1. Is it fair to say A:R47 is within 13 Å of DNA strand D (Cβ to nearest atom) and either touching a His at 6+ places or on another chain (Cβ under 7 Å) or among the aromatic types (F, W, Y) (or both)?
2. Would you be able to say whether some residue in segment B:181-201 is in a helix (DSSP H, G or I), open to solvent by 30 Å² or more (accessible area, probe 1.4 Å) and in contact with a strand residue (DSSP E or B) (Cβ under 8 Å, 6 or more places away or on another chain)?
3. Tell me whether segment A:81-97 contains one or more residues that are open to solvent by less than 10 Å² (accessible area, probe 1.4 Å) and either touching a residue at least 40 places away in the same chain (Cβ under 8 Å) or of a type in the set (F, W, Y) (or both).
4. Of the residues that make up segment A:103-123, is at least one in a strand (DSSP E or B), within 13 Å of chain B (Cβ to nearest Cβ) and surrounded by fewer than 23 Cβ atoms within 10 Å (Cβ to Cβ)?
5. Test B:R17 against the criterion of being open to solvent by 60 Å² or more (accessible area, probe 1.4 Å) and near DNA strand C (Cβ under 9 Å from one of its atoms), and give yes or no.
6. Considering only segment A:134-152, state which residues are open to solvent by less than 50 Å² (accessible area, probe 1.4 Å) and in a loop (DSSP other than H, G, I, E, B).
7. Say whether the condition of being touching a Cys at 6+ places or on another chain (Cβ under 9 Å), open to solvent by less than 40 Å² (accessible area, probe 1.4 Å) and at positive phi is met by at least one residue in segment B:54-66.
8. Could you figure out which of (1) open to solvent by 40 Å² or more (accessible area, probe 1.4 Å); (2) in contact with a helix residue (DSSP H, G or I) (Cβ under 8 Å, 6 or more places away or on another chain); (3) over 28 Å from B:R74 (Cα atoms) isn't true of B:P322?
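The values are calculated or read from the model by the stated rules, or taken from the named source; none is laboratory data. All values reported here derive from a predicted model rather than from experimental measurement. Heads up, the Cβs are rebuilt from the backbone with ideal geometry, glycines too, and the neighbour counts pull from every protein chain shown. Heads up: the accessible areas ignore ligands, DNA and RNA and are worked out on the full protein's heavy atoms, side chains in. Shrake-Rupley method; radii C 1.70, N 1.55, O 1.52, S 1.80 Å.
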There are 2 protein chains.
Amino acid sequence: MVDVAREAGVALRTVSRVVNQDSTVGPELVQRVREAIAALGYRPDERARHLRLGVTGTLGAAVRQLSHVNPVLRAVERAARAADLMVLAASTEDDENLERHVVESMCRRRFDGIVLEPIGDDHGYLVPELEAGLSLVAVDRPVLGLDVDCVLSDNRSGIETAYRHLVRHGHDRIAYIGDDERIFTAQERASAFRACVTAHGGLLDTMLHTGRVDDGRVHAAVRAALSGPAPATAIITGNAQLSVEVLRHLGADAVDVALIGFDDSELATLLRPDLTVVAQDTTAIGTTAIDMLRARIADPSTEVRKVTVPVELIARGSGEIPPAS
Amino acid sequence: MVDVAREAGVALRTVSRVVNQDSTVGPELVQRVREAIAALGYRPDERARHLRLGVTGTLGAAVRQLSHVNPVLRAVERAARAADLMVLAASTEDDENLERHVVESMCRRRFDGIVLEPIGDDHGYLVPELEAGLSLVAVDRPVLGLDVDCVLSDNRSGIETAYRHLVRHGHDRIAYIGDDERIFTAQERASAFRACVTAHGGLLDTMLHTGRVDDGRVHAAVRAALSGPAPATAIITGNAQLSVEVLRHLGADAVDVALIGFDDSELATLLRPDLTVVAQDTTAIGTTAIDMLRARIADPSTEVRKVTVPVELIARGSGEIPPAS
DNA sequence: ACCTTTCGAGATAACGTTATCTCAGCTTGG
DNA sequence: CCAAGCTGAGATAACGTTATCTCGAAAGGT
């Protein structure tokens, strides 16, 4: 920049003015500076700019796996772009230590705010950052033990809706195959399922199967649910990955067992019958997260909000299969 | 930092030494500085650090869609992490203007290097950046017109392998349904297919269908390929998305038509029969990209390399269906 | 006892920006 | 015709780090 100033024969400050489109520079000088910039191949350095300005115009997104389908992240990117903010994302790989490393890196880089899919239940490392003014919004899961903005899906009502839908189609013995209950969403969904069964006067017995997603476990769960004296006639799955696994193990039986999957996915319409799902409103989640983050950045004293976004049941066929006589 | 120094009663430089684990600080001072850091909630500012150091220890990844399945990105993140580099990723949404915006932002932030999935064919905006020392590696597609490091899959041999595989299983009339040939990989794959048909003495006729992925077009292509006096008995698809679409339109016929899909995917083993695919070695692509990028960062005069990574045919059933008698 | 080496720690000057203050040269109105 | 206001542009001081140089004191060798 100092070279550009020398080349153009102006003061350093004037180059800065030209670069920032300040109107108080005469057209002749603007021209000279422009030429000098082109001649010297000057490229502004945002590090220095951000350092001086205090803000970076950058949001961080720490998600479980960048390279997985994540429609919320897409909405986050779009909403941020609309607000002229750059989103830079990194994976936490479902690893608490990596999450901490990623988030702390973003803090040291002084990102203006962070969108986080929190992992595990100890987020103590966030406390000093929050005290120092970090703007953070949790997505999909809350930050346990900390009073932090968050945007969640209405997991409970998703399960309830699915359950009622199956009951309305004549099912009485409905099984649930879910993820490891140490995961917040899995816990919420399983607990909602328990409440449904109890309210409906049924027995949990062989109807509830949760745990780590693992080929053998899913297979065993499907078998257990469909066998015995009172086999299930319908299954609800706890997430998209489990829908896939359950379908894999159902095999040809898929046409006889009603199935509702949590989470919509591309393959839902590839199957026969198409998969009935409880779909999250990922666009709403993403845009809400950015709105909340921007509000907090603008005014750190904004009171903490916990937003729950409704889910929607999309009937496509698999959830409307009647119980085998 | 100056506050910490005052609090601890030491010089600024000494705080810096403690933060950077410099061994030339007495244990007593280290202790005092540590306490001051904790008391004041000091958090180092990487912007200033990077400004002073010149490097940022950060790589950018500009990919088409963060929120899509992208195993190459996963490998890139892992390889970078192993080298103690942080990867920050952003989507280009298949939009040339957005690509430019994202890449230029990363340049202004002085990322040490960028992994790019290039879009379109005018990358002139990169020239001044490269001249100014930008380290860049293109992945999946080359940067047309510019001599830049890149890592590509062996698209041609993937198609050839699939073609030969089908011939070996008795097929004679093999159709190809591919993506828009304005996309580099789609062009390469379609062109390889043309060469296969010609070499095999067949007619392209109703056998080659390329264009934008669109419901109607794919449907029409499938119909055209399977009808007429000499219908295809096997289909090769140009990418994972097309495999899905083609399967959707094949419907119940899927058991009668041999199918080989380009790109492996989760649902390949969900179908019956399981999908035979040409799988890219995404791990090799990602790690190679990072290796090349690191080499270029270390020595910008390294000569430009264009690496082609082999692909592998994974037979799972759908590609071994014999031609209908 | 004196010179040299080693070591711990401080002072100062960058890195590349922008905000603030200053000032010279105009215009403008009474 | 002059004071007051405006306007374009320069000088200087930050922003928060780290590299370099310097210096005093302690340790070691003759």
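1. When the stated conditions are applied, A:R47 passes them.
2. Checked segment B:181-201: at least one residue is in a helix (DSSP H, G or I), open to solvent by 30 Å² or more (accessible area, probe 1.4 Å) and in contact with a strand residue (DSSP E or B) (Cβ under 8 Å, 6 or more places away or on another chain).
3. The answer is no, given that none of the residues of segment A:81-97 is open to solvent by less than 10 Å² (accessible area, probe 1.4 Å) and either touching a residue at least 40 places away in the same chain (Cβ under 8 Å) or of a type in the set (F, W, Y) (or both).
4. Within segment A:103-123, one or more residues are in a strand (DSSP E or B), within 13 Å of chain B (Cβ to nearest Cβ) and surrounded by fewer than 23 Cβ atoms within 10 Å (Cβ to Cβ).
5. Details: open to solvent by 60 Å² or more (accessible area, probe 1.4 Å): yes; near DNA strand C (Cβ under 9 Å from one of its atoms): yes.
Yes.
6. Taking segment A:134-152 first, the residues open to solvent by less than 50 Å² (accessible area, probe 1.4 Å) are A:134-143, A:146, A:148-152.
Across segment A:134-152, the qualifying residues are A:L134, A:S135, A:D140, A:R141, A:P142, A:V143, A:L146, A:V148.
7. We begin by selecting, within segment B:54-66, every residue touching a Cys at 6+ places or on another chain (Cβ under 9 Å); these are B:60.
Add one more test, that the residue is open to solvent by less than 40 Å² (accessible area, probe 1.4 Å), and what stays is B:60.
Then drop every residue that is not at positive phi, which leaves none.
Looking for residues that are touching a Cys at 6+ places or on another chain (Cβ under 9 Å), open to solvent by less than 40 Å² (accessible area, probe 1.4 Å) and at positive phi, one finds none in segment B:54-66, hence no.
8. The one condition B:P322 does not meet is (2).
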